[in-house]
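J.: Shown below is the structure under consideration.
Every read-out reported here was derived from the displayed coordinates using simple, explicitly stated rules and does not represent laboratory data. Small disclaimer: the values here were computed from a predicted structure and weren't measured. All Cβ positions, even for glycine, are placed from backbone atoms using ideal geometry, and neighbour counts span all protein chains on display.
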Ligand code: FES
């Protein structure tokens with residue numbers, strides 16, 4: 001049976017001729033048997049938004065556009081603002097790791113934010129979200145899309161840069177270690193006598209909550225899933241196949257919730273920055289519950 005026999009082709013003005021249905025007879029084609037970019041789906045060539053769908057297909061891209069737009073605006077403002085990113089033992093995640101070289105004239109966040117931003121911008125889920133929400137390309141399945149000239153998937157500049165995702169993932173893993181250090185540090189509160197007391201403040205919870213969600217987002221990454229085992233055809237044929245199968249299975253479970261982790265971690269990272277910022281500005285008071293005098297240090301250096 002021809003594996004492509006169930007495909008239907010765009011019926012609008014942009015209809016493209018279906019390629020020969022014999023992939024084995026067409027050397028040089030990908031395994032789909034379809035030249036890259038030749039099949040654009042049902043919505044291609046139709047008026048923007050034209051569809052036979054009767055459900056509220058526009059609701060999701062609209063919500064995504066509002067959510068990404070608002071959170072993106074806040075994150076951009078917070079990153080360029082360059083003030084009120086520290087309060088005692090709290091450091092805003094937008095500014096971690098904190099580098100403040102004397103020769104750098106603007107916000108220190110700009111020196112490091114390109115890495116987590118690149119990780120999110122090239123994320124497989126976010127690509128789907130912002131291609132739909134902002135590019136309308138397509139706005140949804142089986143809906144007429146913006147007729148972008150020359151778009152051919154992610155094969156050419158600038159979209160070919162999306163393939164850098166796995167390298168941004170390596171950087172994200174390093175940054176995650178630093179963010180966990182920030183969480184540990186947020187439990188140690190400096191005392192007037194020079195010592196430290198272990199406690200839990202509102203900022204501790206905000207940073208802990210945020211870093212947990214960022215960890216879930218990172219460890220549910222499609223590229224990580226591929227790296228730990230998804231690229232293997234046979235686990236018993238490779239070294240450490242058993243542990244890799246377990247790692248792949250665990251990442252696969254998380255991967256099923258990647259979209260949720262993407263959104264919740266985006267909210268939480270903005271919230272953690274906002275909390276530290278409002279404490280630093282004196283707008284809110286950070287309450288602390290001290291755990292025990294057993295952990296206290298007197299005159300020590302602390303964390
Ligand atoms: S696919 Fe979303 S973070 Fe890797």
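J.: Can you sort 225, 47, 127 by how many other beta carbons sit within 10 Å, fewest first?
T.: The order, fewest Cβ neighbours first, is 47, 127, 225.
J.: A further question on this structure: Which order results if 268, 186 are arranged by neighbouring Cβ count within 10 Å, fewest first? Intermediate results must be reported in sequence, preceding the final value.
T.: Values: 268 22, 186 26.
So the residues, fewest neighbours to most, are 268, 186.
J.: When the chain is fully extended, how far beyond the present Cα-Cα distance does residue 137 get from residue 249, taking 0.36 nm per residue of separation?
T.: The residue 137-residue 249 span can extend by a further 37.0 nm.
J.: At 7 Å along Cα-to-Cβ for each site, give me the label-to-label distance between residue 65 and residue 121 in nm.
T.: Once both label points are built, they end up 2.1 nm from each other.
J.: What distance in nm separates the two pseudo spin-label positions at residue 291 and residue 178, each 7 Å out from Cα along the beta-carbon direction?
T.: 2.5 nm
J.: Extension gain residue 47-residue 234, at 0.36 nm per residue separation less the Cα-Cα distance, in nm?
T.: That pair, residue 47 and residue 234, stretches by 62.7 nm at full extension.
J.: Among 57, 104, 248, rank each residue by its count of other Cβ atoms within 10 Å, from fewest to most, as a rough exposure measure.
T.: Final ranking by Cβ density, sparse to dense: 104, 57, 248.
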